[in-house]
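A.B. asks: Mind having a look at this structure? Questions to follow.
The values are calculated or read from the model by the stated rules, or taken from the named source; none is laboratory data. Just so you know, these numbers come straight off a predicted model, no measurement behind them. We work out accessible area using only protein heavy atoms, side chains counted, and drop any ligands, DNA or RNA first. Shrake-Rupley method; radii C 1.70, N 1.55, O 1.52, S 1.80 Å.
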Amino acid sequence: MKRNMKRALSLLLACVMVFALSAGIFQASAASGSALKVGDYVQFGSYNGSPILWRVIDVDSKNGPLLFSEKILTLKCFDAGEPVESLPQDYPNYGNNYWASSNIRDWLNSSAEKVEWTMNEPGYAFVEGGKNAYDDEAGFLYNFTEAERNSINEVSQKHALDMISKSVAEGGSELLVYNPNLADCLQNYDKVFYKSEKDKVFLLNLQQFHDYVYARGFEVGKYPTEAAVVQSDYKSDLLSPSKYWKYWLSTSRAEDNTSARTVYFGNYVLDDQAYSGMNGVAPALYLKKTANLASGSGTAADPYVVAGGKTTFNDLAGVEWAAEAINMLADKGIVNGTGDGNFSPLASVSRADFVLMMMRSLGITGEATKNFTDVPEDAYYYDAVGQAKLRQYVTGYEDGSFHPTAEITMEDMYVIAARALAANNGVSVKEVEGNLDYLKDGDQISDYARASISFLLDRGVITDWNGYISPKAVAARADCAYFIFQMSGQLL
């Protein structure tokens, strides 16, 4: 197998930036967050070492797409109880349902390894039965990359207030009527006392849940992830990855200040004491419209993947030499997978796809008026190949054909890249005498490729591995990712 060489082709870093290839070779999606629609699935961020799957439940013209976690990610209390000595006599020690100072809000919006708690920390002594304390857990956003955190839109939202916290209300005139029925839970929501808070990550409020989940026919019940079940201190036959579990909303129960509303197993909107660590957390967030979607088609099996995450693929065994390059470039949205968590590292790259990547990276996207005889006018790569032909980056075969769908070899990539690189730098592609002599497979280089390979070697663009460059080998996805990774430092 040809995977034993350190190949580096500097032009390739630019060749796979932000555009889509319908053939799926290095299909960097041209879409951004603004292209998402209600019902799409999105993979974004991670928790407990696994990527998070979200569903777009609304698209707001100002704030962007609203993502709602498809599963319950963890079990945690809404807010811890307070030390007894700090409470008034006979005051219930069940935590507080005031969203602004809640532990769950602190945790969801923190990217620190040690969360700064607004009020009492959710330690063992202050959660119901000591179940699922999280005072020592890193913030939820700690698991996201900086690029992912920068893709979240911080927004201001109204939160209904209870009978005590209504004293800080910005507006409203009534307490929210408690109605557990999904259809009628917003009985007087438009009149409730409220206060606005700004968050990056939050729990849905009652109105968002009703309007964007229940009323739109999305599944109200949620399953916990396997990790949420395994890591929970609370155990029950009902707590299972295959059974619905209850999860918090950010809305308080108005009749007291210690209970928060809870979606109860998909049937009702009830409530629970804030200090209960037995309720699930299904977070929500607004994704920026400018967030780059690196790959995917928006289905549950092939969700859109937001660029900038910590990517790992399932099928990199055997190409460990390229794994770091593949994952890091996928994180940047430069390369991406082929669906179902795979990268297909040994899949080949076609001649047309390579040319399309290169031409778009050079900013050459105009329409072509002439082309090779075997390039269909309706082909997605027609203009790119035609423009490359016009500039003589590609010359094709004697019969006027190009063989666009044929696999591209290493030496053909070198030839095309050398021509484009030389043209853009205002120099000529020339063979440097003697610099191919040390190559152990130099006798395999086609005559038409010798000058290009010599030119790139002289400029330090190609690096051989133990004297081999495998000119006749078919270029694979892993090869291209490795080239890009090796040379990225020199090109930035």
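A.B. asks: Can you give the relative contact order of the chain as a percent, counting alpha carbon pairs under 8 Å and 6+ residues apart?
C.D. replies: Across the chain, relative contact order equals 21 percent.
A.B. asks: Which sequence of Met119, Met358 reflects their accessible areas, 1.4 Å probe, from the largest down?
C.D. replies: Descending order: Met119, Met358.
A.B. asks: Which angle from 0 to 90°, rounded to the nearest 10, does the C-alpha axis of helix 410-425 make with the longest principal axis of the chain?
C.D. replies: 90 degrees
A.B. asks: Taking the DSSP beta bridges in the chain as the whole, what percent of them are antiparallel, to the nearest 5?
C.D. replies: If I count the DSSP bridges inside the chain, around 90 percent turn out antiparallel.
A.B. asks: Calculate for the chain the 222 nm mean residue ellipticity that helices alone would give, adding -39,500 (n - 2.57) per DSSP H run of length 4 or more and normalising by residue count, nearest 500 deg cm²/dmol.
C.D. replies: Numbers: 9 runs with 91 residues, N = 492.
Rounded to the nearest 500, it is -5500 deg cm²/dmol.
A.B. asks: Follow-up. Counting only protein heavy atoms, what percent of the accessible surface of the chain is carbon or sulfur at a 1.4 Å probe?
C.D. replies: 47 percent
A.B. asks: Ignoring everything but the protein chains, give the 1.4 Å probe accessible area of Ser242 in square angstrom, nearest 10.
C.D. replies: We get 90 Å² for Ser242.
A.B. asks: Express in whole angstrom the spacing between the alpha-carbon centres of the range 203-260 and the range 408-431.
C.D. replies: 58 Å
A.B. asks: Give me the accessible area of Arg105, 1.4 Å probe, in Å² rounded to the nearest 10.
C.D. replies: 40 Å²
A.B. asks: From the protein chains alone at 1.4 Å, what is the descending order of accessible area for Lys472, Lys430, largest first?
C.D. replies: Lys430, Lys472
A.B. asks: Additional query: Considering only protein heavy atoms, with the full assembly of protein chains and a 1.4 angstrom probe, order Asp237, Asp302, Asp458, Asp353 by accessible area, largest first.
C.D. replies: I get Asp237, Asp458, Asp302, Asp353, largest accessible area first.
A.B. asks: Determine the per residue accessible area of the chain with all protein chains present and a 1.4 angstrom probe, expressed in square angstrom.
C.D. replies: 43 Å²
A.B. asks: Let me ask another. Got a number for the accessible area of Phe265? Probe 1.4 Å, square angstrom, nearest 10.
C.D. replies: Accessible area, nearest 10 Å²: 50 Å².
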